[in-house]
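Working notes for the structure below.
The values are calculated or read from the model by the stated rules, or taken from the named source; none is laboratory data. Nothing here was measured: the structure is a model prediction, and the numbers come from that model. For neighbour counting, all protein chains shown are included, and Cβ atoms are generated from backbone atoms with ideal geometry for every residue, glycine included.
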Amino acid sequence: MTYGTMAAPESNPRANAALADGCEVCNGWGSVITFQGRYELCQACQSPTERECHDSG
């Protein structure tokens, strides 16, 4: 039995597929692989400012 263990943090961010639909930067995936090899959310469709634009339209 182990004590004091915590769940591991989510290693990969989760993209919102509804926002990613039709995005030309990530091809609808909602995430991209950077030149450094990191998995990140697509800044074109997953950023809070873009989300506000999608909701208002």
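Worth a mention:
- Meets criteria (modelled with pLDDT of 95 or more and either in a loop (DSSP other than H, G, I, E, B) or at positive phi (or both)) for Asn12: no
- Taken over the range 14-39, the criterion of being touching a residue at least 24 places away in the same chain (Cβ under 8 Å) and surrounded by 15 or more Cβ atoms within 10 Å (Cβ to Cβ) is satisfied by Ala15, Leu19, Ala20.
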